[in-house]
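**Q** Before I ask anything, let me first share the structure, which is written out below as structure tokens.
The values are calculated or read from the model by the stated rules, or taken from the named source; none is laboratory data. Since we're looking at a predicted model, the values are computed, not measured. FYI the Cβ positions are ideal-geometry reconstructions off the backbone, even for glycines, and counts take in every protein chain you see. Please note that ligands, DNA and RNA were not included when accessible areas were found on the heavy atoms of the full protein model with its side chains. Shrake-Rupley method; radii C 1.70, N 1.55, O 1.52, S 1.80 Å.
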Amino acid sequence: MLWVVDILKWSLQQLYRLGKQKFNFSGEYDFHDRIEDIDDILDISIVSVEGVGQNINEDRYMFQLHITCNMVLECARTLEPVDFPIDLVVVEIYDTVDDGEVNFVEKNTIDLEDAVWENIYLEKPMRIFKEGTTRYTDNAHELESFLNDQENDK
């Protein structure tokens, strides 16, 4: 039997009650406050998260996440808005022992918010170009040709 919950934060006591039983969960995040200081992210939709959680060993929990949202990024060439859909499937492991390879459980609470944001932010490209614009390499070639012509004119 799978338990279904509409939250993305649990106390270890809540999770202990489930034992090794898998549980489905879903929820949403609004990350507008996190993008305020990021210049090239113009907007982000409400982030939808669905997944399955399970205790895999003592105080170690595995969460399989399906994360979907849409970011509006700034075109690196024209500075115009560009839609960038995100559809990720990731696995996050939480444990009360910090071995450097898992998300450390502090204060006996597992909260997926930071892990969800981190995965979204890591998916954001360094640069994005609006469809139909020419990339910088074309301009670099034109600039190089122009500078060569200037040198030849001397």
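**Q** Mind listing whichever residues of segment 112-131 are open to solvent by less than 80 Å² (accessible area, probe 1.4 Å), closer than 27 Å to residue 16 by Cα and in a helix (DSSP H, G or I)?
**A** Scanning segment 112-131 gives 113, 115, 116, 117, 119.
**Q** For segment 105-131, which positions are at pLDDT below 95 and of a type in the set (Phe, Trp, Tyr)?
**A** 129
**Q** Report those strands (runs of 3 or more DSSP E) wholly inside segment 1-111 carrying at least 3 residues which are in contact with a helix residue (DSSP H, G or I) (Cβ under 8 Å, 6 or more places away or on another chain) and surrounded by 14 or more Cβ atoms within 10 Å (Cβ to Cβ).
**A** 47-57, 60-74, 81-95
**Q** With the condition kept exactly as written, say whether any residue in segment 17-35 is free of Cβ contacts under 8 Å to residues at least 60 places away in the same chain, under 30 Å from residue 132 (Cα atoms) and of a type outside the set (Gly, Ala, Ser).
**A** yes
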